[in-house]
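Worksheet for the structure shown next.
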């Protein structure tokens, strides 16, 4: 999130948010959310997740649209983290006309490890995503989320990123914008399927955090986990990197196709959507991180350079044809 938003957030706002849901003050644990202020805490003996978003990130209407989609999925049999009601039986609250507060069930599972989980787990992630997409085909919302190109990180790319990247960014956005849309390929998606948002519960997959839900091509939800699961070359390169990619993708796609279909033509677009995710992450890094801070690691710097040069030189994140695996 932007530094100025962090400066607006106070312990009093946190206290008020917790009080709305009856969360014990002494149980609060900061989960270090990237886009929002996120905490775990106890309501009685039940662990819940408290999320506090600045209204410039998510207003009430967008948040209601997210909660509506989660409840639709839950009522359709998907095991998602449901929103919970506050003490006044509301699903969201706004504090000081500036912070939108919600709370969710805590679902079981540990954080997944990049490139280290089982084939079964990757299959289950794919099946979970496929189920979301299959249900999205028939979803008729009352409150509307935004389209992919209104994502804040893409919309503000030129505000934060170096000017030498602008022409490459415009080319990328133009190429994505020209893609065909229909009800079988474009709809409401999770928007941030990544190792930070899927949990491993004995090889069962639980996908959490629909804060980035948006209207986009379904293939985007297939490309996004690939972006995060494929190590940067500084960590591992060559055939080993390709084998890691193949293992994740083949199992993910196998699971996905148990619930939904995707054509070879759209699988060919995966690399394009990996590039789009790369641009979003670059925007987030230049917006939110201090490259000279003590917590800026060597991995962070190597990743930034890799993303930067890929976009600048129109170099694929990984040179593979995902329609041929």
Condition check: in the same structural domain as residue 18 (by TED's automatic domain parsing), at pLDDT 95 or above, assigned to a loop (DSSP other than H, G, I, E, B) and surrounded by 15 or more Cβ atoms within 10 Å (Cβ to Cβ). Does residue 80 satisfy that? yes
Is it the case that the stretch 177-193 has a residue that's surrounded by fewer than 14 Cβ atoms within 10 Å (Cβ to Cβ), in contact (Cβ under 8 Å) with a residue 12 or more places away in the chain, closer than 17 Å to residue 273 by Cα and in contact with a strand residue (DSSP E or B) (Cβ under 7 Å, 6 or more places away or on another chain)? no
Checking residue 159 against (1) touching a strand residue (DSSP E or B) at 6+ places or on another chain (Cβ under 8 Å); (2) part of a helix (DSSP H, G or I), the condition it does not meet: (1)
If you go through 35, 11, the only one that is surrounded by fewer than 16 Cβ atoms within 10 Å (Cβ to Cβ) and out of contact with any helix residue (DSSP H, G or I) (no Cβ under 7 Å at 6 or more places or on another chain) is 11
Give me the pairs: first residue in the stretch 258-270 and on the phi > 0 side of the Ramachandran plot, second residue assigned to a loop (DSSP other than H, G, I, E, B), beta-carbon distance under 7 Å, and six or more apart or on different chains, which are they? none
Spot the failing condition for residue 164; the list is (1) modelled with pLDDT of 95 or more; (2) touching a helix residue (DSSP H, G or I) at 6+ places or on another chain (Cβ under 7 Å); (3) not in a helix (DSSP H, G or I), and only one is missed. (3)
Can you tell me which residues in the stretch 107-140 are under 18 Å from residue 224 (Cβ atoms), in contact with a helix residue (DSSP H, G or I) (Cβ under 9 Å, 6 or more places away or on another chain) and not in a helix (DSSP H, G or I)? 112, 114, 115, 117
Considering every residue within the stretch 220-235, establish whether at least one is over 17 Å from residue 107 (Cα atoms) and touching a strand residue (DSSP E or B) at 6+ places or on another chain (Cβ under 7 Å). yes
Does any residue in the stretch 148-172 that is closer than 23 Å to residue 56 by Cα come within less than 6 Å, Cβ to Cβ, of a residue that is not in a helix (DSSP H, G or I) six or more places away or on a different chain, and which pairs are these? 148/214; 148/216
I'd like to know if the stretch 306-321 contains one or more residues that are more than 21 Å from residue 172 (Cβ to Cβ), free of Cβ contacts under 8 Å to residues at least 12 places away in the same chain, exposed (fewer than 14 other Cβ atoms within 10 Å of the Cβ) and in the same structural domain as residue 133 (by TED's automatic domain parsing). no
Verdict on residue 259 being in the same structural domain as residue 185 (by TED's automatic domain parsing) and assigned to a loop (DSSP other than H, G, I, E, B): yes
Within the stretch 22-54, count every residue that is without any contact (Cβ under 8 Å) to a residue 12 or more places away in the chain, outside any strand (DSSP E or B) and either under 23 Å from residue 289 (Cβ atoms) or within 17 Å of the chain's Cα centre (by Cα) (or both). 1
Within the stretch 278-305, how many residues turn out to be more than 20 Å from residue 159 (Cα to Cα) and either touching a residue at least 40 places away in the same chain (Cβ under 8 Å) or crowded, with 18+ Cβ neighbours inside 10 Å (or both)? 3
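The values are calculated or read from the model by the stated rules, or taken from the named source; none is laboratory data. None of the values given here were measured: they were computed from a predicted structure. Because the Cβ atoms are built from the backbone with ideal geometry, glycine has one as well, and the counts that use them run over all protein chains shown.
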